[in-house]
């Protein structure tokens, strides 16, 4: 049984700040080193979407987005009760807050 906690589903890296799939994937791995990011990255016209856990494991009405800065958004959700347990890690927002201040003022 899952605990109704918000779990990291995906990291959205906005273009044109992140120009390549590899650049977006490397930044996601740097930001969340404890997550098992396998390298699935989907491209849209405006962003790179780095998947952490497949959407099929989540309750489709539970997603929320947290904007870290103009270039990075994370998507969180609650796992389905029927989903097998996954290794999850708590997100330390104080630790990732540095990504807001590490960008040039024109990018924040």
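Things worth noting here:
- Qualifying residue in region 92-100 (condition: part of a helix (DSSP H, G or I), at pLDDT 90 or above and either touching a strand residue (DSSP E or B) at 6+ places or on another chain (Cβ under 7 Å) or closer than 13 Å to residue 6 by Cα (or both)): no
- Scanning region 39-52 for residues that are over 13 Å from the mean Cα position of the chain (by Cα) and surrounded by fewer than 12 Cβ atoms within 10 Å (Cβ to Cβ) yields 44, 45, 46.
- Residues of region 33-61 classified as out of contact with any strand residue (DSSP E or B) (no Cβ under 7 Å at 6 or more places or on another chain) and either assigned to a strand (DSSP E or B) or over 14 Å from residue 6 (Cβ atoms) (or both), total: 11
- Within region 62-73, residues that are in contact (Cβ under 8 Å) with a residue 40 or more places away in the chain sit with their Cβ atoms under 8 Å from residues that are in a loop (DSSP other than H, G, I, E, B) and surrounded by 15 or more Cβ atoms within 10 Å (Cβ to Cβ), at 6+ positions apart or across chains, in these pairs: 70/17; 70/103; 71/17; 71/18; 71/103.
- Residues of region 62-84 satisfying the condition of being in a strand (DSSP E or B) and exposed (fewer than 15 other Cβ atoms within 10 Å of the Cβ): 64, 65, 66, 67
- Residues that are touching a residue at least 40 places away in the same chain (Cβ under 8 Å) and assigned to a loop (DSSP other than H, G, I, E, B), drawn from region 15-31: 17, 18
- Note on region 22-31: among residues that are crowded, with 19+ Cβ neighbours inside 10 Å and closer than 21 Å to residue 6 by Cα, the one that is modelled with the lowest pLDDT is 31.
The values are calculated or read from the model by the stated rules, or taken from the named source; none is laboratory data. Only a predicted model underlies this, so the values are computations on that prediction, with no experimental measurement involved. As a convention, Cβ positions derive from the backbone with ideal geometry for all residues, glycine included, and neighbour counts pool all protein chains shown.
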